[in-house]
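Okay, so here's the structure we're looking at.
Laboratory data are not the source of any read-out in this text; all were calculated from the coordinates shown. Please read all numbers here as calculations on a predicted model, not as lab measurements. Please note: Cβ atoms are built from the backbone with ideal geometry, for glycine as well, and neighbour counts cover all protein chains shown.
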Amino acid sequence: EKGTYPFYMLKEIDEQPAVMRTLLQKYLDDAGKPKIETDLLKALNQADRLYILAAGTSYNAGLVAKSIFEKLANIPTEVQLASEFGYNTPLLSKKPFFLFLSQSGETADSRQVLVKVNQWGYPSLTITNSEGSTLSREATYTMLLDAGPEIAVASTKAYTAQIALQTILAKALGDVRQQTTATDFDVKGQLSIVANEMQSLVDEKELINSLAKNYLATTRNAFYIGRGYDFAVSLEAALKLKEISYVQAEGFAGAELKHGTISLIEDGTPVMAIITDKRVASHTRGNIQEVKARGAHVLTIAMDSVAQPEDNITFSDVDPMLTPLLTVVPAQLLAYYTSLNRGYDVDKPRNLAKAVTVE
Ligand code: BG6
């Protein structure tokens, strides 16, 4: 039930800190060590490459998880759109392991790949929010997100839950593989800090609504830019805006804008910049100057250690790997309020379905 909430999407955005805590409870022991099925860890440890298959928002969560698996578990990881992979299968490694990410567990594009994976005889894991779903029944292993039902078509808490759970899994695999990046990583402590900081961000609704009114009320197009993790989040942030507010939005790697698409920047074009990585923060600031010089209306989301006084939305420092769990929250809220203020049915955008069971 959505209770006092006008739309499920806002309720689901608000639930994200609690979803993080539920995952910590379920998948970590009191000492903060991951509790993962032994056979699953064994199968993952034997793999020479991880293939993450997904669609839509789940694909975007996979893009973030790729870097986390590579960093914590030192396993080469590819992320592929399930719809493409099935019929344009890349050369596989000798010992592939397949990870299916799906909120609903019913996406036909993902299922057709899993059917092939089973025919090939490779091990697989489904990470899903739906117990007993097709993808969970047909994969070798399943891990549940336990995020509670996600009703709004635009996915929010499933995205952050997928990232958090994959972080726990990557930490577990990294521990097994004795990677110092994993053994030194306090996943419980870091995710707890993230849950608290997430709460502060969901509490910024008034600020973010006023920014949505100021930047996105009437525009037909918009851009998100960022580098590294901030680029991956830019793709998800742009998708949210497209799905529910029908703003033509694109996520770009900060530097790529100038290689062509900067021609689309006009007087008043909204550009949302996400800045968390100190190695490239000054470059992204440079990109902001470039688009400002062409008239862009720039909104910034920045982590404290790289923030400047003029930034619109800021948050306390967390582990760089976990910044997507925070930077996506204001983007979800910007999309929500833009849709709301334009008078749309936020939970049921036109032409979209929550689960798509056709290829
Ligand atoms: C879509 C939904 O078509 O399927 C998206 O509208 C979703 O919100 C995508 O991200 C993938 O769904 P799932 O359930 O496989 O994560």
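Ordered by packing density, taken as the mean number of other Cβ atoms within 10 Å over each peptide's residues, highest first, how do 53-59, 329-335 rank?
329-335, 53-59
Using alpha carbon coordinates only, what is the Rg to Rh ratio of the stretch 248-346, with Rh defined as the Kirkwood radius?
Result for the stretch 248-346 is an Rg/Rh of 0.97.
State the extension gain, in nm to one decimal, for the chain segment bounded by Arg137 and Arg49, taking 0.36 nm per residue of separation less the distance between their alpha-carbons.
So the extension gain works out to 29.4 nm.
Name the residue farthest towards the positive end of the dipole of the chain from the options Ile313, His297, Leu201, assuming +1 on Cβ of Lys and Arg, -1 on Cβ of Asp and Glu, about the Cα centre.
His297
Need one number: % antiparallel among DSSP beta bridges in the chain, to the nearest 5.
If I count the DSSP bridges inside the chain, around 5 percent turn out antiparallel.
Tell me, in nm to one decimal, what length is gained between Trp120 and Asp146 on full extension, where the rule is 0.36 nm per residue of separation less the Cα-Cα distance?
6.4 nm
Asp319 to Ser282: FRET efficiency via 1/(1 + (r/R0)^6), r the Cβ-Cβ distance, R0 30 Å, to the nearest 0.05?
Computed FRET efficiency for Asp319 and Ser282 comes out at 0.90.
Listed highest first by mean packing, meaning other Cβ atoms within 10 Å per residue, what order do 226-234, 89-97 come in?
Numbers: 226-234: 25.4, 89-97: 13.0.
The densest-packed peptide leads the list: 226-234, 89-97.
Arrange the peptides 62-72, 250-260 so that the one whose residues have, on average, the most other Cβ atoms within 10 Å appears first.
Result, highest mean first: 62-72, 250-260.
Kindly provide the trypsin sites (Lys or Arg not before Pro) of the stretch 302-359 that DSSP labels as loop, not H, G, I, E or B, and whose Cβ sees at most 13 other Cβ atoms within 10 Å.
Numbers: sites: Arg342, Arg350, Lys354; in loops: Arg342, Arg350, Lys354.
Listed in order of number, the matching sites are Arg350.
Applying 1/(1 + (r/R0)^6) with R0 = 41 Å to the Cβ-Cβ distance of Lys33 and Glu204, what FRET efficiency is obtained, to the nearest 0.05?
My answer for the efficiency is 0.75.
Quick one: go through the stretch 51-77 and flag any residue whose amide nitrogen is under 14 Å from the point 7 Å out along the Cα-to-Cβ line of Val356.
From the stretch 51-77, the list is 54-60.
Mind jotting down a quarter of the surface of the convex hull over the alpha carbons of the stretch 1-154, in square nanometres, one decimal?
Across all orientations, the stretch 1-154 yields a mean hull projection of 9.8 nm².
Given Cα positions, please report Rg to Rh for the chain, the hydrodynamic radius being the Kirkwood one.
Result: Rg/Rh = 0.95.
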